[in-house]
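Below is one structure, written out as structure tokens; comments come after it.
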Amino acid sequence: MKQGMISRDLEALMSQRDNRASGKIVNTISPAPRDTWEEVLQSDPLALETQSPAWADAMCAAGGFEDASRLYETADGRRLVLPLLRRSFAGGAVAFEASNPPNCGVGGLLAPGGAYVEEIAAVFDDLAQRRVLFQSVWPNPLLASAWAAAAPACATAIPGRAHLLDLEGGWEEVWSKRFRGTKRTAARRAERLGVTVECGTSGRLVPEFYQLLEQEVARWARLQHEPYWLAVRRLKHRDPREKFEAVGRLLGERCRVWLARVEGRPAAAIVVLQGVNAYDFRGAMDEELMQYRANDLLYRLAIEDACKAGCRYYYLGDAGRSVSLAQFKERFGAQAYPYSVYHLERLPLSRTEREIKKVIKWVIRFKDF
């Protein structure tokens, strides 16, 4: 399905909602009650598991965050939830909040049927009034236009690009009309070569997945001219094994690790968070076994599984500036969506961080792909 068709579908969704809603917030509860949060999550057709209360609990358990989620009640009787994670310093005098923080997946506002522009604007107003040093929101890319329309002048927009696959029509439609022929051929080749695939829930396959992730970090360190010790340190900070263990433990059946093996040896793995929609959160592979096309078979099975579970969208994450990664995702039928992450900051922290990273990359002659 073409991107324009998905956009028209979203416009139709928005037009079905009550245009009289003002978005005025009359009550706020923080942290958001878990039962209400889960109810709102299930009623939002664009929701991702990284916006769930279980996900927030996992990030708090493994990432040192506090739950600062906010439940909003509007004058129109609607209930909205903003997943929000906080990290505090100096005894709480200095705080950073994000929905969601870097490496914690997509956040943003949840609402029955999806959020109105007016509701998003009201939430921006609420955040701007709070005395927090730095706040950021990473919204669902499918709602990029609504967030852009609602963002205040004081918000800094950081552009991004995500890829999503529309699952409308079911698996046969996706397989025959959205997958490129080369990907169908590659998945069949993997089966002929004897690649086996196992799907584990509740974190059962996390150890083998993480082993592949560590191997991949070493490979990327070589390609990007990054010192190995620095690459490992970044991995432990960004994606410690404890994070995936906590996600598996707390999300249970909704955390699905797909692992491909070649003659018993782990060849590739992906972590898919499956709820209202599916989110391909992380992946890793053994470069020595690339010729077996295990990744192609993994995606075939994971996307088929999401279709059968009733998911409408399969989110393949961001490609950044990588042309090859974008092409890989698009061969499965995914479409690219530009969006922005929004920062509300009292000091120019994000700009300072970007400049520091530029200097470090220049010093180590880092190569972006």
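A few remarks follow.
- Here the range 192-208 is the region considered, the condition is being in a strand (DSSP E or B) and of a type in the set (Val, Ile, Thr), and the residue that is surrounded by the most Cβ atoms within 10 Å (Cβ to Cβ) is VAL197.
- Qualifying residue in the range 167-175 (condition: open to solvent by 20 Å² or more (accessible area, probe 1.4 Å), touching a strand residue (DSSP E or B) at 6+ places or on another chain (Cβ under 8 Å) and among the β-branched types (Val, Ile, Thr)): no
- Look at (1) in a loop (DSSP other than H, G, I, E, B); (2) under 17 Å from TYR313 (Cα atoms); (3) among the small types (Gly, Ala, Ser); (4) open to solvent by 10 Å² or more (accessible area, probe 1.4 Å) and you find that ALA153 fails only one, number (2).
- The set of residues in the range 215-239 being surrounded by 15 or more Cβ atoms within 10 Å (Cβ to Cβ) and modelled with pLDDT of 90 or more consists of GLN215, ASP239.
- Check on ASP126, more than 18 Å from the chain's Cα centre (by Cα), open to solvent by less than 60 Å² (accessible area, probe 1.4 Å) and of a type in the set (Asp, Glu): yes
- Test: SER145 is open to solvent by 40 Å² or more (accessible area, probe 1.4 Å), of a type in the set (S, T, N, Q) and modelled with pLDDT of 95 or more: yes
Quick grid of which residues meet (1) open to solvent by 50 Å² or more (accessible area, probe 1.4 Å); (2) farther than 30 Å from HIS237 by Cβ; (3) modelled with pLDDT of 95 or more; (4) part of a loop (DSSP other than H, G, I, E, B):
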| residue | (1), (2), (3), (4) |
| --- | --- |
| ARG20 | yes, yes, no, yes |
| GLY23 | no, yes, no, yes |
| ASP35 | yes, yes, yes, no |
| ALA47 | no, no, yes, yes |
| ALA54 | no, no, yes, no |
| ASP76 | yes, yes, no, yes |
| ARG87 | yes, no, no, no |
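The values are calculated or read from the model by the stated rules, or taken from the named source; none is laboratory data. Treat the numbers as computed from the prediction; the structure is a model and nothing was measured. Backbone-built Cβ (ideal geometry, glycine too); neighbour counts: all protein chains shown. Each accessible area value is taken on the protein alone, full model and side chains, heavy atoms only, with ligands, DNA and RNA left out. Shrake-Rupley method; radii C 1.70, N 1.55, O 1.52, S 1.80 Å.
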